[in-house]
Amino acid sequence: MASSWRKYETRKRDPNPQNVALLVIDLQNHFSSMAKPILQNALTTIDICRRASIPVFFTRHVDKSITTDTTMLGEWWNGDLIIDGTPDSELIPEINRQVTRPDEVVEKNTYSAFHDTCLQENLVEIGVEEVIVIGVMTNLCCETTAREAFVRGYRVFFSTDATATVSGELHDAALMNLAYGFAYLVDCDRLRRGLLRN
């Protein structure tokens, strides 16, 4: 059965390896069961980008404490927060092994990887104009980061096979929205063909 988002995928383009960065969103132990089906595709995407000399940034969604974080997320998720320093807050081991420098890890405490973080500054410093988004959850942190990147003037590429969420329905709905208004959809095969042409 064809995915429902395909009819909205009317724009196609490959990332420019000269000015793109990969954003690996929240592949942490807290989300390991959700991430398990896409873990190999995430690792493949990271490998493709490393081989193409593309910078990679990894986000960790962390809350400093249950009492001081009185954000809407705490209310929305009934206090189910990811407390910094707990095993749940750490990157999935297979992903953590991909981190080559501490400054590749961006800590955030809301859906967007840009809000109140050093990500924008890091991207500007190295001349990034495009981002590829992979990780979890497709419809929350990944989609919010992709939308904010678009609004900030970045060309956005969003993975269909290295993102995941709690249901196929929510995954497809996010991809439909993104394809319609914010992002070029890509998968491992398209990235391999587009970035590793030699």
Practice task
Would you kindly find the accessible area of H171, with a 1.4 Å probe and non-protein molecules such as ligands, DNA and RNA excluded, rounding to the nearest 10 Å²?
Solution key: 30 Å²
Exercise for the section: Report the chymotrypsin sites (Phe, Trp or Tyr not before Pro) located in the stretch 72-158 that are in a DSSP loop and have at most 13 other Cβ atoms inside 10 Å of their Cβ, or state none. Expected result: W77
Practice task
May I ask for the distance between the Cα centers of the stretch 63-138 and the stretch 163-195, given as a whole number of Å?
Solution key: 20 Å
Problem - Probe 1.4 Å - accessible area at M176, Å² to nearest ten - result: 50 Å²
Practice task
Keeping the other protein chains in place, figure out the carbon and sulfur percent of the accessible area of the stretch 92-146, with a 1.4 Å probe.
Solution key: 46 percent
Practice task
Assuming a ≥ b ≥ c are the square roots of the Cα gyration tensor eigenvalues, decide whether the stretch 4-53 counts as rounded (a/c under 1.5), prolate (otherwise, with a/b larger than b/c) or oblate.
Solution key: oblate
Exercise for the section: Once you have the Kirkwood Rh of the stretch 8-159 from its Cα pairs, apply Stokes-Einstein at 37 °C and 0.692 mPa s and quote D in µm²/s. Expected result: 208 µm²/s
Problem - Rel. contact order, % - alpha carbon contacts under 8 angstrom, at least six apart, the chain - result: 31 percent
Fill in the blank from the handout: With x for Gly and Pro, the residue-by-residue ³J(HN,Hα) of the stretch 152-163, computed from phi through the Karplus equation 6.51 cos²θ - 1.76 cosθ + 1.60 at θ = phi - 60° and given in whole Hz, is 7, x, 8, 7, 10, 10, 10, 6, 8, 10, 10, 10
Fill in the blank from the handout: Scoring the stretch 85-198 by relative contact order with C-alpha pairs under 8 Å, at least six apart, yields a percentage of 20 percent
Practice task
Please list, or write none, the lysines whose alpha carbon is within less than 25 Å of the alpha carbon of K36, excluding same-chain residues fewer than 8 places away.
Solution key: K108
Handout entry: Net charge, D103 excluded, C-beta distance under 14 Å - Lys, Arg +1, Asp, Glu -1
Key = -2
Problem - Amide proton proximity set for S159, modelled H, under 5 Å, gap of 5+ - result: V133, V186
Fill in the blank from the handout: Computed on Cα atoms, the radius of gyration and Dmax of the stretch 87-198 in angstrom are 14.2, 41
Problem - Accessible area per residue in Å² at 1.4 Å probe, computed on the chain - result: 50 Å²
Practice task
On the full set of protein chains, 1.4 Å probe, figure out the accessible area of T10 and give it in Å² to the nearest 10.
Solution key: 100 Å²
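The values are calculated or read from the model by the stated rules, or taken from the named source; none is laboratory data. In this text the structure is predicted, and so the values were computed from the model without any measurement. Using ideal geometry, Cβ is built from the backbone for each residue, glycine included, and neighbour counts are taken over all protein chains shown. Keep in mind that these areas ignore ligands, DNA and RNA; they rest on the heavy atoms of the full protein, side chains included. Shrake-Rupley method; radii C 1.70, N 1.55, O 1.52, S 1.80 Å.
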